[in-house]
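Quick notes on the structure that follows.
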Amino acid sequence: MAEIYPQEESRTALEVFRVAEGSGEYFDLSVKPIYRDTFILGRGQKKEEPGGYFITKKCRGCGLCEAKCPQKCIDTTGEPWVIHQENCLHCGNCMEACPYGAVERRAAQ
């Protein structure tokens, strides 16, 4: 950066903001299915419960939620089916598609 900003005064443009603590989430949209994860800075605290959607025991295995999932992140091998949160966009298409009300949104923390 010293070559691009040779004067110390010009390098102040590199320091836009500083975060001392907090938590957040990132998405890697360059892969499919997408990958998401959370991170903590400093003494920030991670959410106790993840957001997004989950499938309850009301699931009848009709497959409509899986068909509507743009990331194909619904695991159908067990009962109830499981939404892999690390690949989920949290778009809600699965919940809208479910005729049995088996897909629910997690409460925001």
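Here is a check on your reading of the model: is Gln7 touching a residue at least 24 places away in the same chain (Cβ under 8 Å) and either part of a loop (DSSP other than H, G, I, E, B) or under 26 Å from Glu96 (Cα atoms) (or both)?
Details: touching a residue at least 24 places away in the same chain (Cβ under 8 Å): no; either part of a loop (DSSP other than H, G, I, E, B) or under 26 Å from Glu96 (Cα atoms) (or both): yes.
So Gln7 does not fit the description; no.
To keep it simple, each residue is scored yes or no on (1) basic (Lys, Arg); (2) loosely packed, with under 13 Cβ neighbours inside 10 Å.
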site: Leu29; (1), (2): no, yes
site: Phe39; (1), (2): no, yes
site: Arg60; (1), (2): yes, yes
site: Gly63; (1), (2): no, yes
site: Glu66; (1), (2): no, no
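Hey, among the residues in the range 68-91 that are among the β-branched types (Val, Ile, Thr) and more than 23 Å from Ser30 (Cβ to Cβ), which one's surrounded by the fewest Cβ atoms within 10 Å (Cβ to Cβ)? Walk me through it before giving the result.
Keep residues of the range 68-91 that are among the β-branched types (Val, Ile, Thr), which gives 74, 76-77, 82-83.
Adding the requirement that they be more than 23 Å from Ser30 (Cβ to Cβ) leaves 76-77, 82.
Values: Thr76: 14, Thr77: 6, Val82: 14.
Within the range 68-91, the match that is surrounded by the fewest Cβ atoms within 10 Å (Cβ to Cβ) is Thr77.
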Q: State all residues of the range 92-109 that are surrounded by 13 or more Cβ atoms within 10 Å (Cβ to Cβ) and under 18 Å from Asp37 (Cβ atoms); if no residue qualifies, say none.
A: Arg106
Q: Considering each residue of the range 45-65, count those that are modelled with pLDDT under 95 and among the polar types (S, T, N, Q), and give that number.
A: 1
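Please determine, by comparing only the residues of the range 18-39 that are more than 28 Å from Lys68 (Cα to Cα) and either in a loop (DSSP other than H, G, I, E, B) or out of contact with any Asp or Glu (no Cβ under 8 Å at 6 or more places or on another chain) (or both), which one is modelled with the lowest pLDDT. Explain how you work it out, then say what you get.
Here is the first cut: in the range 18-39, the residues more than 28 Å from Lys68 (Cα to Cα) are 18-23, 39.
When the remaining residues are screened for being either in a loop (DSSP other than H, G, I, E, B) or out of contact with any Asp or Glu (no Cβ under 8 Å at 6 or more places or on another chain) (or both), the result is 18-23.
On the way: Arg18: 75, Val19: 79, Ala20: 83, Glu21: 85, Gly22: 85, Ser23: 83.
Top of the filtered list is Arg18.
The values are calculated or read from the model by the stated rules, or taken from the named source; none is laboratory data. Everything numeric here is computed off the predicted structure, so don't read it as measured data. Glycine gets a Cβ as well: all are built from the backbone with ideal geometry, and neighbour counts include every protein chain shown.
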